[in-house]
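Written below as structure tokens is the structure these notes are about.
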Amino acid sequence: MSSRWAERISQALGLRLAAWYLGTFLASTLVIGGLTYGLLASLLESRDHDIIQSTLREYATRYQAGGLPALARAIEIEQRSGTREPLFVRLVGPFQDVLLYSLPEAWGVFDVPASPRGASDIWAQVRARDSHAVLEVASIRVGDSVLQVGKTSEARNQLLANFRRVLVLGAGAALLIGVAGGLLLTRSTLKPLRDLRDAVSRILQTGQTDDRVPVYGTDDAVDELSQLFNAMLARITTLIHGMRNALDHVAHDLRTPMTRLRVTAEAALATNDPAKHREALSDCLEESDRVLSMLTTLMDISEAETGTMTLNLSPMSLTAVAGEVRDLYEDAAEAAGVVFTVTVPPDLVVTADRDRLRQAMANLVDNAIKYTPAGGRVDLEAAATTSGAEIRVRDTGPGIPEHDLPRIFDRLYRGDQSRATRGLGLGLSLVRAYVEAQGGRVTVDSAPGRGAEFRIRLGT
Ligand code: ADP
């Protein structure tokens with residue numbers, strides 16, 4: 001995928017995220033604003049209606065108690081003292097004659113119809129002749145007259161218009177906040193993805209797998225993706241290094257046996273003696289066996305170290321495997337004049353790859369017998385530990401010099417004093433690679449003249 005494509009996809013995703021954020025934010029702001037507006041409008045309306053109705057009832061009672069003069073006096077007193085807000089009041093007599101009329105001047109001119117006959121509490125809405133004001137009028141029949149009280153919706157409309165203005169300003173502010181928030185949110189959400197994309201394109205360009213994506217520790221899915229990506233890169237790097245190392249070692253260490261092979265063949269060609277030919281062929285055979293064995297072991301070590309080896313891990317009896325190693329080395333120990341003992345408790349079970357563990361134990365026993373002079377002893381022991389089992393291979397041989405100890409597990413490393421004995425310098429590398437591939441650990445404890453003790457620790 002070209003970087004322009006990646007850029008375009010990320011931008012499209014960014015725009016979508018920002019649009020979603022903005023849309024949700026605006027929609028919720030508008031819903032809340034709309035609901036508040038509706039609630040306010042209905043509250044104001046019902047408040048106006050309450051005022052009209054309660055005034056209408058009160059005036060009706062006054063009129064019934066004291067007649068027209070009492071009602072006119074009450075209205076006049078109220079208007080003068082300002083105890084009640086100015087209202088439209090009209091009393092229409094039985095012959096449609098207006099007995100009382102009061103309308104605040106500022107309200108304009110309304111053609112209020114006389115109330116329908118026989119009705120009470122009838123509502124009417126009358127538009128002003130010269131403006132948009134609407135007069136809401138309630139009527140009630142008192143005796144043979146009709147009493148009407150009304151109020152314009154002007155004040156209410158003014159309040160609602162102000163509220164609408166505030167709402168529009170609020171929506172504008174919400175739009176700005178939404179755009180800014182959407183952009184910020186998109187930037188921060190897409191940052192890890194952009195980092196990932198940049199890392200991938202850098203790796204594609206340079207081939208350097210030791211590059212890493214920044215992890216922000218937010219513990220979300222994107223952060224987890226970055227961690228997994230880094231883990232994958234680390235694994236690829238280990239594999240590549242492992243392969244490179246194995247190749248280097250093979251190239252380096254094949255040179256000596258191949259040169260020997262060549263020299264032997266050359267020497268054989270230079271003579272006509274059939275016996276020498278036969279001898280050279282047999283040397284070549286031996287040398288090529290060594291090369292083959294070295295190659296196989298090197299590949300096994302590489303596979304085990306890079307984690308590409310297929311392990312058959314299952315609970316197995318360590319007692320039985322130790323028995324197999326004893327059977328394998330009993331004769332060799334006897335021939336070398338070394339006492340070989342195996343002490344393993346019955347039914348000791350560990351989780352391991354049976355063949356690989358036997359090979360690791362066999363290599364340790366093989367070394368111990370190989371390096372221990374006649375008259376010495378080699379002990380193979382195993383015991384359960386809290387987390388699994390420990391296998392020990394102890395000998396009474398020459399021990400390992402201090403300067404060799406850190407290097408004996410290296411590939412193809414052989415101690416100075418061991419050059420005379422057979423070996424490729426791969427036995428301990430294989431032990432460590434096999435044991436660690438199974439989640440175990442191998443350690444050594446040795447000093448010159450005090451023998452050596454190798455320990456393998458395994459889980460259950
Ligand atoms: P090799 O035995 O083929 O030389 P290894 O990898 O098995 O290779 O061992 C590496 C080196 O560690 C040996 O060359 C030897 O110097 C030393 N070593 C291993 N085991 C013992 C032992 N039991 N006693 C003394 N030295 C040992």
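The values are calculated or read from the model by the stated rules, or taken from the named source; none is laboratory data. In this text, all values refer to a predicted model and were calculated from it rather than measured experimentally. Quick reminder, even Gly has a Cβ in these numbers, built from the backbone with ideal geometry, and neighbours come from all protein chains shown. The protein model used for the area step is the full one, side chains on, heavy atoms only, and it has no ligands, DNA or RNA in it. Shrake-Rupley method; radii C 1.70, N 1.55, O 1.52, S 1.80 Å.
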Restricting segment 325-355 to residues that are under 48 Å from the mean Cα position of the chain (by Cα) and not hydrophobic (A, V, I, L, M, F, W, C), the one modelled with the lowest pLDDT turns out to be D347
Go through (1) in a loop (DSSP other than H, G, I, E, B); (2) more than 10 Å from the ligand (Cβ to nearest atom); (3) surrounded by 18 or more Cβ atoms within 10 Å (Cβ to Cβ) and name the single condition H403 misses. (3)
Taking segment 332-383 and keeping residues of a type in the set (G, A, S), under 23 Å from G439 (Cβ atoms) and in contact with a helix residue (DSSP H, G or I) (Cβ under 9 Å, 6 or more places away or on another chain) leaves A352, A360, A362, A382
How many residues, within segment 125-178, are in contact with a Pro (Cβ under 7 Å, 6 or more places away or on another chain) and surrounded by fewer than 16 Cβ atoms within 10 Å (Cβ to Cβ)? 1
If you go through A374, A368, the only one that is within 16 Å of the ligand (Cβ to nearest atom), crowded, with 17+ Cβ neighbours inside 10 Å, more than 48 Å from the chain's Cα centre (by Cα) and among the hydrophobic types (A, V, I, L, M, F, W, C) is A368
With the requirement that a residue be closer than 22 Å to R450 by Cβ and either open to solvent by 40 Å² or more (accessible area, probe 1.4 Å) or in contact with a Phe, Trp or Tyr (Cβ under 9 Å, 6 or more places away or on another chain) (or both), what does segment 416-429 give you? D416, Q417, S418, R419, A420, T421, L428
Name the one entry in R392, R358 that is within 25 Å of T308 (Cβ to Cβ), more than 9 Å from the ligand (Cβ to nearest atom), touching a residue at least 24 places away in the same chain (Cβ under 8 Å) and charged (D, E, K, R). R358
Among the residues of segment 75-95, is any touching a residue at least 24 places away in the same chain (Cβ under 8 Å), part of a helix (DSSP H, G or I) and farther than 20 Å from Q158 by Cβ? yes
Aliphatic (A, V, I, L, M), more than 15 Å from the ligand (Cβ to nearest atom) and more than 19 Å from R326 (Cβ to Cβ): is that true of A352 in this structure? no
Would you point out the residue of segment 446-460, among those that are at pLDDT 95 or above and not β-branched (V, I, T), that is most open to solvent (accessible area, probe 1.4 Å)? R457
Quick one: count up the residues across segment 312-327 that are within 16 Å of the ligand (Cβ to nearest atom) and over 20 Å from G388 (Cβ atoms). 0
Residue that is nearest to the ligand (Cβ to nearest atom) [pool: residues in segment 446-460 that are of a type in the set (A, V, I, L, M) and within 47 Å of the chain's Cα centre (by Cα)]: I456
Which numbered condition Q359 fails, given (1) within 29 Å of A251 (Cα to Cα); (2) open to solvent by 40 Å² or more (accessible area, probe 1.4 Å); (3) touching a strand residue (DSSP E or B) at 6+ places or on another chain (Cβ under 7 Å): (3)
For segment 410-445, what are the residues that are within 7 Å of the ligand (Cβ to nearest atom) and at pLDDT 90 or above? L426, G427, L428, S429
Output the qualifying pairs, or none if there are none: Cβ atoms under 7 angstrom, residues six or more apart or on different chains, first residue in segment 429-450 and of a type outside the set (F, W, Y) and in a strand (DSSP E or B), second residue open to solvent by less than 40 Å² (accessible area, probe 1.4 Å) and more than 11 Å from the ligand (Cβ to nearest atom). R441/V435; V442/V435; V442/I456
What is the number of the single condition among (1) within 9 Å of the ligand (Cβ to nearest atom); (2) touching a Phe, Trp or Tyr at 6+ places or on another chain (Cβ under 8 Å); (3) under 18 Å from L328 (Cβ atoms) that P398 does not meet? (3)
